[in-house]
Amino acid sequence: MDTRKLTDVLRATIDPNNRQQAEEQLSQIHKIIGFAPSLLQVVMLTDVDMPVRQAGVIYLKNLVTQHWADKEAEPGQPLPFSVHEQDRAMIRDAIVDAVVHAPDLIKVQLSVCVSNIVKHDFPGRWTQIVDKISIYLQNPDAAGWTGALMCLYQLVKNFEYKKPEERGPLNEAMNLLFPMIYQLCVRLLPDQSEQSVLLQKQLLKIFFALTQYVLPLDLISREVFSQWMEVVRAVADRPVPEQTNTVDEEDRVDLPWWKCKKWALHILYRMFESVSHAFSWKFLKPHMFAIVQDVLFPILSYSAADEELWNTDPYEYIRVKFGRKNFFYNIIFAVILFVVFSQVNDRWVGHTYIFEDFVSPVTAAQTLLHSCCKKRKDMLQKTMHFVMQVLTSPNADPRQKDGALHMVGAVADVLLKKKVYKEQMDNMLCQYVFPEFGSPRGHMRARACWVLHYFSEIKFKQEAVLAEAVRLTTNALLTDMDLPVKVEAAIALQMLLNAQDKVQKYVEPQIKPITLELLKIIRETENDDLTSVMQKIVCTYTEQLMPIAVEMCQHLAKTFSQVLETDEGSDEKAITAMGLLNTIETLLTVMEEQPEIIAQLQPTVLHVVGHIFSQSVMEFYEEALSLVYDLTSKNISPDMWQVLEMMYQVFQKDGFDYFTEMMPALHNYVTVDTPQFLSNENYILAMFNMCKSVLTGDAGEDPECHAAKLMEVIILQCKGQIDQCIPSFVELVLQRLTREVKTSELRTMCLQVVIAALYYNPLLLFETLEKLQMAATHTESITSHFIKQWIHDTDCFLGLHDRKLCVLGLCTLLSTSTARPMAVNECASQIIPSLILLFDGLKRAYIAKAQEGEEEEEDEDDSDVDQEVLSSDEDEIDDTGAEYLEKLQEKVTKAGGPFNVAAYIQGEEDDDSDDEDYEPNEETALEGYTTPLDEENCLVDEYVIFKEILQNIQANDPVWYQTLTGHLTTEQQKALQEVIVLADQRKAAAESKRIEQSGGYVFNQQTVPTSFNFGGTPLGR
């Protein structure tokens, strides 16, 4: 094939005017034998423009990826195209040379080709790849090493996840190549040039891929393993060139020297994971205590750099010590390099400077110490002996004592599980920790707080020791002059409150100054850990903090604004700001039963919410919407109705990405003050427009389910008051059902909107469906299609609410007479079986709800076991109610029903079958968006309504009754009878409850507008 003509065609593909014609031409010629090798030739022509070569190599990559392997023809189909073996042989012969000699942009694409060819042809048709790589690696010309190593990497990667027994071909190849790459690595190590370091990185990537999941012992002996680990240690240990320190810290991760270190530490971390394996431990065991003493101890001790930072910039000290920022998650185990391979002349040497400027090894040292003491025999005992030597030594300086206490805290959970140490904890705190609260050195006072934090779960033998711990910690928080001490004290106080119930009484007398001091520290440090401390205090001392709740909220809001003003996009600032918003939400939540305080908090919170919405600070939309939800949960002020308008503007501006987060607040606006919601036509119009945008856009099916749910809530909440809205609601969901629906959840949720409309007003719905039918082009009745789909999907309605509404909808259908749609008659034999299925699901759902209620009561009362054993639901029923239920139980027993009147739980003999059928996770999050049908005192009982309707049909329309029930099986007849019995039980139980209550509930009908004009075009037209 003429390479020049092929070059011209490729050049045309990057010209917008000729692209389509050129691509069609390539499509015609790519199957011709000789095309693929010619394409590779063009790619390697140095006199061709780079964009053209790139277009060629991408086409070649796609050709190899999609059409390299032979494919079998499907029955009745022609044989699929694959690259001819003649072309494949030519490509295999040239591809390694091409990778070696190609420029970097081309190398990357060609290496993908190598990977695919190895996948299909190695070793069967392509053992030559090993020989080619070997030749280039042995060549002293360094120009060929990069390409050869890239090919070797692709070879190894193809076997990375394969089982040991499937790696034979790779191991055979590596028997030849592995010693070569080790020698090359050793040769390159002294050279810190960029090109050399990039080669070293590639070599380490090969080693990592080779050993990540399988350590081939027939290939890697102990000696070879140690040699490689020394190489890895050397890479991780060596300093980076001085010029790299001039690069911004954020950008250093992209430098070759740091990338090389990253891969070295990937390897060391992976090797460390096998510390529990005997093979690895044999390397470590003779040296492990020396590592603890000579390496980990110095790392965990207070350093000169720590002291300088403490003195010059305590805020930065706090950021470094308590921040959550991590450049590499995996290389937090940087210290592992000390563990395995810092041995020089049979002596272990710690190099604490390795990642000092990049990633501190302190956390890694803690992790390693903890693992050793937890997993390895005698290590805990030896470590604690060493720690006690330091703590009791008269010559130990404060830095060493800091390191010793640091080590104790790092293994706190291990110590607390060992009886010999657990018994001595009170004494340990009194002798070695409490005295440091009075140390003239700030870092020792901070370390004392830190140790209390990690030993907060001690079972104190003497309450006086606990009281002293709280006193010292509180005093440090309130009076210490060093900010890092205050931060540690605050965190320790939170841990003590979490772990020790008795702490609350010791803290309570000073809770107001503690809270105000904590607010001050949060503002000064902008530390996100402290916001969780504040949340704990707010939840614990709600009543005591009521007098200063407004001041607290103002403080938090001001700090939030401060963080936003100084935020330059850092993750730490964002986390802190989020913590502040969550703390404000916690404050609102715990004060929700105090309307006067909520009213005073509202202006401050609205200022925060308004700032987030008006400035489009999207990362905090979720928290802001949670605040709106809290402020609308009990009542909705005029200012909060204005927030609804802001939410609508946010929705229009930022699309429907946040609709699901808006849903809880939107539900409040509909249900908390329904008359006010209906008093302004713009409110319901805004809701409808949002739902329409979601259901007609590409938001995804979860937001679409929420939109349908919101419309269903509006219909049920505003029953009889929004007739003109029903047609638009129904049309919207039916239109959505005409497009692809992937999940049953969305399908049933859309159906539920129509069912709600049926329950709202059946005649109005049928009129709406008829009008839609007249406008539709298809001949099938929309009403018929809806009813058939509904009955077909009966088993897809889950949870209490959905099943209840479905039952009420079917009951409405049953009760229609002259206006009964033809489809109801056509499906008549399926309606009662569908209802039986729904009632069976309802029975399980009610049982689950009752069990949840019992579990919650048990959780609330688990502190008094005896009282829990003696009390029961029956104990709380009065004589009158008990008499009703006893009579009903006799009735049930005679009827042979399996129900227990005293609780909606079947006897033990039925538990197994219930467990088999019941799926605990069947209820969705949408169940939480309640309607009047879900209220505890709802007068609408689906069982009672069904029984009454069925009995009415039986008495007044026996033909229709026979049509409905004549096809029932014996089992279905029995199930129907059980539903009728349970209906009687529920009616009697409701009557019993009414008798217990003094009087009833009075529902005043609110007057609302009956005509809405939505921006000129009424919603119903």
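The values are calculated or read from the model by the stated rules, or taken from the named source; none is laboratory data. The structure displayed is predicted, hence computed values, not measured ones. Virtual Cβ from ideal backbone geometry, glycine too; neighbours counted across all protein chains shown. Accessible surface is based on the protein model in full, side chains and every heavy atom, while ligands, DNA and RNA are left aside. Shrake-Rupley method; radii C 1.70, N 1.55, O 1.52, S 1.80 Å.
On the accessible surface of region 511-679, probed at 1.4 Å, how many percent belong to carbon and sulfur atoms?
Working: 3140 of 6680 Å².
Here carbon and sulfur together make up 47 percent of the probe-accessible area.
Treating the beta-carbon of each Lys and Arg as +1 and of each Asp and Glu as -1, no other charges, what is the dipole magnitude of region 653-698 about its Cα centre, to the nearest 20 debye? Present the calculation step by step, with values, prior to reporting the outcome.
Working: 2 positive and 6 negative charges, 23 e Å.
With Lys and Arg at +1 and Asp and Glu at -1, about 100 debye.
Can you give the FRET efficiency to the nearest 0.05 for N956 and D795, using r as the Cβ-Cβ distance and R₀ = 51 Å?
Between N956 and D795 the formula returns 0.95.
Please list, in order along region 545-554, the HN-Hα scalar couplings obtained from phi with the Karplus expression 6.51 cos²θ - 1.76 cosθ + 1.60 (θ = phi - 60°), rounded to whole Hz, x for Gly and Pro.
Working through the residues one at a time gives 8, 4, x, 10, 4, 5, 4, 4, 4, 4 Hz.
In region 430-471, which trypsin sites (Lys or Arg not before Pro) are in a loop and have at most 15 other Cβ atoms within 10 Å, using DSSP for the loop call?
K459, K461
Let me spell out the model: positive unit charges on the Cβ of Lys and Arg, negative unit charges on the Cβ of Asp and Glu, origin at the Cα centre of region 511-679. What dipole size does that give, in debye rounded to 20?
Magnitude of the dipole: close to 420 debye.
Based on the mean of other beta carbon atoms within 10 Å per residue, what is the order of 36-42, 953-959, 126-132, most packed first?
Numbers: 36-42: 21.7, 953-959: 12.1, 126-132: 17.7.
Packing order, densest peptide first, comes out as 36-42, 126-132, 953-959.
Stretch R820-Q642 to full length: gain in nm at 0.36 nm per residue minus the Cα-Cα span?
59.6 nm
Give the residues of region 956-997 whose amide nitrogen is closer than 19 Å to a point set 7 Å from the Cα of E854 in the direction of its Cβ.
Answer for this model: 986.
Determine which lysines satisfy two conditions relative to K119: a Cα distance under 26 Å, and not lying fewer than 8 residues away in the same chain.
Partners found: K31, K61, K71, K107, K132, K157, K162, K163, K201, K205.
Report H385's accessible area, 1.4 Å probe, all protein chains in place, as a number in Å² to the nearest 10.
That residue has around 120 Å² of solvent-accessible surface.
S829 to E731: extension gain in nm, 0.36 nm per residue of separation minus the Cα-Cα distance?
Details: separation 98, 0.36 × 98 = 35.28 nm, distance 2.84 nm.
Taking 0.36 nm per residue and subtracting the Cα distance, the gain is 32.4 nm.
Calculate the length of the line joining the C-alpha centroid of region 369-448 to that of region 685-751, in whole Å.
Between the Cα centres of region 369-448 and region 685-751 lies a distance of 62 Å.
At a probe size of 1.4 Å, how large is the accessible area of E978, to the nearest 10 Å²?
Per-residue accessible area (E978): approximately 40 Å².
Give me the mean projected area, in nm² to one decimal, of the convex hull enclosing the Cα positions of region 412-570.
Its Cα hull, projected and averaged over all orientations, spans 10.1 nm².
May I ask you to evaluate 6.51 cos²θ - 1.76 cosθ + 1.60, the Karplus curve with θ = phi - 60°, for each residue of region 164-172 and list the ³J(HN,Hα) values in order in whole Hz, giving x for glycine and proline?
Working through the residues one at a time gives x, 6, 9, 9, x, x, 5, 4, 4 Hz.
Please work out the Kirkwood hydrodynamic radius for region 649-760, using every pair of different C-alpha atoms, and report it in angstroms with one decimal place.
Answer for region 649-760: a Kirkwood hydrodynamic radius of 14.0 Å.
Restricting to Cα pairs below 8 Å that are 6+ residues apart, what does the relative contact order work out to for region 136-275? Please round to a whole percent. List each step's numbers first, then the result.
Working: 101 pairs, mean separation 39.6, N = 140.
This gives 28 percent for region 136-275.
Largest first and in whole Å, what are the equivalent-ellipsoid semi-axes of region 390-444 based on the Cα gyration tensor, each being the root of 5 times an eigenvalue?
Listed largest to smallest, the semi-axes of region 390-444 are 21, 12, 10 Å.
Please report, in whole Å³, the volume per residue of the convex hull around the C-alpha atoms of region 373-496.
Per residue, the Cα convex hull of region 373-496 comes to 97 Å³.
Please list, by residue number, everything in region 618-648 whose backbone N is under 18 Å from a paramagnetic label point 7 Å out along Cα→Cβ of A599.
Within reach of a label on A599: 631-642.
For region 136-275, report the translational diffusion coefficient in µm²/s to the nearest whole number, using Stokes-Einstein at 25 °C, 0.890 mPa s, and a Kirkwood Rh over Cα pairs. List each step's numbers first, then the result.
Numbers: Rh = 15.7 Å.
In µm²/s, the coefficient is 156.
If I compute solvent accessible area with a 1.4 Å probe over the protein chains, what percent of it on region 136-275 is carbon and sulfur?
50 percent
Remind me, what semi-axes does region 733-857 give for its equivalent ellipsoid, largest first in whole Å, using sqrt of 5 times each Cα gyration tensor eigenvalue?
Semi-axis lengths for region 733-857 are 29, 17, 12 Å.
What percent of all Cα-Cα pairs in region 535-642 falls in each 5 Å bin, counting up from 0?
With 5 Å bins starting at 0, P(r) equals 2, 12, 25, 25, 19, 11, 5, 1.
If you count, for each residue, the other Cβ atoms within 10 Å and average over each peptide, how do 531-543, 480-492 line up from highest to lowest?
480-492, 531-543
Which of the peptides 402-412, 611-621, 151-161, 554-564 is most tightly packed, and how do the rest follow, judged by the mean count of other Cβ atoms within 10 Å per residue?
Packing proxy ranking, top to bottom: 402-412, 151-161, 554-564, 611-621.
For the full complex of protein chains and a 1.4 angstrom probe, list Y943, Y317, Y846 by accessible area with the highest value first.
From most exposed to least exposed: Y846, Y317, Y943.
In nm, what is the difference between 0.36 nm times the number of residues separating Q389 and K719 and their Cα-Cα distance?
111.0 nm
For region 309-316, in order, what is each residue's ³J(HN,Hα) by Karplus, 6.51 cos²θ - 1.76 cosθ + 1.60 with θ = phi - 60°, in whole Hz (x at glycine and Pro)?
Going residue by residue, I get 5, 4, 6, 8, 8, x, 5, 5 Hz, with x marking Gly and Pro.
Label 7 Å along Cα→Cβ of Y182; region 188-226 residues with amide nitrogen under 17 Å?
188-189, 203-212, 215-226
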